[in-house]
Ligand code: FAD
Ligand code: PYC
């Protein structure tokens, strides 16, 4: 008799690459896969390859702490992050894949007077942008998170920016759900295929070199997060971007004790509880640029030390796992979406420490850019040219992670 775990169909096919595609997307993280999905769904473009040097979802998409919110300050950011947040609400139905979206609410603690002013300003900006957030009192914070010590000797809680429709989702499921939908549309997902060169002629891209051979394309989309500078280098241009490790860790599983996400940016720590009961904990980025995709001991101590005053119950918890991902950080802490100096070559990167929440909105905007050859309303402000034109989109406070 067949046992339960037998006869499962593969969720996506693993074909050999064809000689040529209409569009090649480099990077099968959330942003690359979402770009492919909306190219098919919104524009009917399905002769697409998504090329991944490792396994799909094995980059930052599978390494992040899954916080989803749209409480950003500047109008273009609020627009794209809110589009993404609203797409998360129906993602499980849209993909017919349970991504476990949990709109449990996210709070960003204000623990200094300048944070109070900053978050009050953001709440006012969000009201004008149609993004529902509010600045709440310390008493309301305590009601929402009873395990929190709001009277900490160094940094008492003075209030918080609260978004009740924000939350978390299962990161792997987001990648897997998009991958299955792309494969069902006839797109090729090619794993263990590293792009090693960008082929061009007459100022336009013609294809890529990979460890599985040359693959031609009419259009190329580079969506490789922390490796974006390397891809750009292969194509012959430079990016105003730095790559640095961001680490996270989880505790042993415990009974449910916190049902919202808390970010404490003054002390550089944040925490939520996973469905398995583990406390999911993270802090600031490593203090130096690097490509070391792993955790380090000093980071555990720094991050737990930051949080233990606010959450005394974590002081004797055992920590279970720790890891790191390479995040792609721009000077204004906003992403780059748009055209590149190379014709028919488009880029999506710079989401830094905060791109998981943006995946569906970013894919939507990037697909439009690739399909039409020009960015639309959602992507328009995020072009590379903003760095030469001085149109920065400063989100250093909203990024919520110390850099
Ligand atoms: P990735 O998922 O990294 O995908 C890029 C892919 O490109 C990789 O799979 C890589 O292997 C592939 N690639 C690279 N070079 C090549 C090549 N030459 N050829 C072929 N393939 C290549 N964001 C939030 O919104 N909320 C959070 O709570 C949050 N927490 C985070 C915590 C940590 C510890 C980390 C590291 C990040 C966190 N982020 C968070 C940020 C978020 O994870 C990223 O912004 C987002 O996942 C980026 O997705 P991506 O698809 O662009 O990149
Ligand atoms: O962007 O909300 C975020 C975030 C939290 C932790 C890492 N990134």
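No lab work stands behind these numbers, since they all come straight from the coordinates. Computed from a prediction, not measured in an experiment: that's the story for all the values here. FYI the Cβ positions are ideal-geometry reconstructions off the backbone, even for glycines, and counts take in every protein chain you see.
Table for the structure above
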item	result
Residues 187, 241 arranged by fewest to most Cβ contacts within 10 Å	241, 187
Reciprocal mean inverse distance between Cα atoms of the range 72-144 - Kirkwood radius, Å	14.0
Estimated Rh, the range 110-199: Kirkwood, alpha-carbon pairs, angstrom	17.2
Cα→Cβ-extended label distance, 7 Å offset, between residue 313 and residue 134, nm	2.5
Angle in degrees between helix 297-308 and the longest Cα principal axis of the chain, rounded to the nearest 10	50
Spin-label proximity, residue 96 to the range 2-16 - amide N less than 15 Å from point 7 Å beyond Cα toward beta carbon	9-12
Span from the the range 295-339 Cα centroid across to the the range 214-287 one, whole angstrom	9
At 0.890 mPa s and 25 °C, Stokes D of the chain from Kirkwood alpha-carbon radius, µm² per second	114
Rounded to 10°, Cα long-axis angle of helix 30-43 versus longest principal axis of the chain	60
Relative exposure of 318, 142, judged by other C-beta atoms within 10 Å (fewest first)	318, 142
Relative contact order (percent, whole number), the range 48-117, Cα cutoff 8 Å, 6+ residue spacing	18
Where the Cα pairs of the range 292-350 fall when distances are cut into 10 Å bins, in %	17, 29, 25, 17, 10, 2
Relative packing of peptides 272-281, 55-64 - highest average C-beta neighbours within 10 Å first	55-64, 272-281
Spin-label pair residue 8/residue 403, simplified geometry with 7 Å Cα→Cβ offset, distance in nm	3.8
Extension gain, residue 43 back to residue 204 (0.36 nm per residue minus Cα-Cα distance, nm)	55.7 nm
Cα centroid separation, the range 133-180 to the range 1-59 (Å)	33
Cα-based helix-to-principal-axis angle, 113-129 vs the chain, degrees rounded to 10	50
Footprinting exposure proxy for 3, 386, 305, 321 (fewest neighbouring C-beta atoms within 10 Å first)	3, 321, 305, 386
Helix-derived mean residue ellipticity, 222 nm - over the chain, DSSP H n ≥ 4, -39500 (n - 2.57), to 500	-8500 deg cm²/dmol
Distance (nanometres) between label positions extended 7 Å along Cα→Cβ at residue 372 and residue 294	4.6
Cα-based convex hull volume of the range 259-360 per residue, rounded to whole Å³	147
